[in-house]
1. Kindly check whether there is at least one residue in region 43-60 that is farther than 20 Å from residue 182 by Cα, more than 12 Å from the chain's Cα centre (by Cα) and in a helix (DSSP H, G or I).
2. Looking at region 82-123 only, could you name the residues that are assigned to a loop (DSSP other than H, G, I, E, B) and within 15 Å of residue 59 (Cβ to Cβ)?
3. Among the residues of region 140-148, is there at least one that is in contact with a strand residue (DSSP E or B) (Cβ under 7 Å, 6 or more places away or on another chain), outside any loop (DSSP other than H, G, I, E, B) and closer than 24 Å to residue 60 by Cβ?
4. From (1) closer than 17 Å to residue 108 by Cβ; (2) over 19 Å from the mean Cα position of the chain (by Cα), pick out the condition that doesn't hold for residue 181.
5. Out of (1) under 25 Å from residue 114 (Cα atoms); (2) touching a helix residue (DSSP H, G or I) at 6+ places or on another chain (Cβ under 9 Å), what's the single condition that is false for residue 169?
6. If the requirement is being loosely packed, with under 14 Cβ neighbours inside 10 Å, without any contact (Cβ under 8 Å) to a residue 60 or more places away in the chain and under 23 Å from the mean Cα position of the chain (by Cα), which of these qualifies: 190, 206?
C-alpha cells in the first residue's frame, strides 16, 4: 500500500469511527494487512499465520523467522492451534502475510492438485524434540506414494522397540502433510490413527496413489 492510500484509509477509518458508521470491508482488510505487515517488519511478530482452504477444509499455517512451525488441520480447531503457538512459541502471534507462509500455501495447492510430490520449505522444528523429533525426521524421508510401518519408523529413528513412542510422536506431529505422518501404517497395512482423522488419512494416501478407497 502506498502512503497516500494508507492515509486515505486511516482518515476514512477515523471519520467512520467518529460518525459511528460502518467501514467498507475492503478498507478494513487493507488497514489490517498494512498494520500487520508493519508489525512484522518491525520485528513485533514472532509467529505469523494465515488460513488456507484445502480439500480437507480450512487449515491454519504458522511460521516463525526460521520457517514453517505449525500446520493446523481443520479438526484441531483454530483457537486450540493458536493457543498452542502462544503458549509454546510466543504470545506475539498475528494474522499476517509472510513469504514463507505464502510459499507453503502455493506448494500445498500444487500438492492437492497432484502437481507436487515433495515440499521444498524451511521448517522450524522447535515444537518437537528428542526421540519424537527423530521419528518425524525419519517420517519426512518416506517418499511420496509409499508407506512405512510404525516399527520401521521407530527403527529408522534409532529404537525399534519404541513403537508406541513412535505412534505418539506421529499423533502429535505439528507439521502434518509437510511431514507426511499419513504415510505411516500399522504393520498389517491398516490405516491406524491420524491427527486429522481416518478419512483425511485415507484421502491423502489415495491422492498419492498409495491406496484406493
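Throughout, read-outs are computed from the coordinates displayed, never taken from laboratory work. Note that the structure is a prediction, hence the values are computed from the model and not measured. Because the Cβ atoms are built from the backbone with ideal geometry, glycine has one as well, and the counts that use them run over all protein chains shown.
1. No, region 43-60 contains no residue that is farther than 20 Å from residue 182 by Cα, more than 12 Å from the chain's Cα centre (by Cα) and in a helix (DSSP H, G or I).
2. Selection gives 119, 121.
3. Taking every residue of region 140-148 in turn, at least one turns out to be in contact with a strand residue (DSSP E or B) (Cβ under 7 Å, 6 or more places away or on another chain), outside any loop (DSSP other than H, G, I, E, B) and closer than 24 Å to residue 60 by Cβ.
4. In the conditions (1) closer than 17 Å to residue 108 by Cβ; (2) over 19 Å from the mean Cα position of the chain (by Cα), residue 181 misses (2) alone.
5. (1)
6. On the way: 190 fails: under 23 Å from the mean Cα position of the chain (by Cα).
Selected residue: 206, the only one of 190, 206 that is loosely packed, with under 14 Cβ neighbours inside 10 Å, without any contact (Cβ under 8 Å) to a residue 60 or more places away in the chain and under 23 Å from the mean Cα position of the chain (by Cα).
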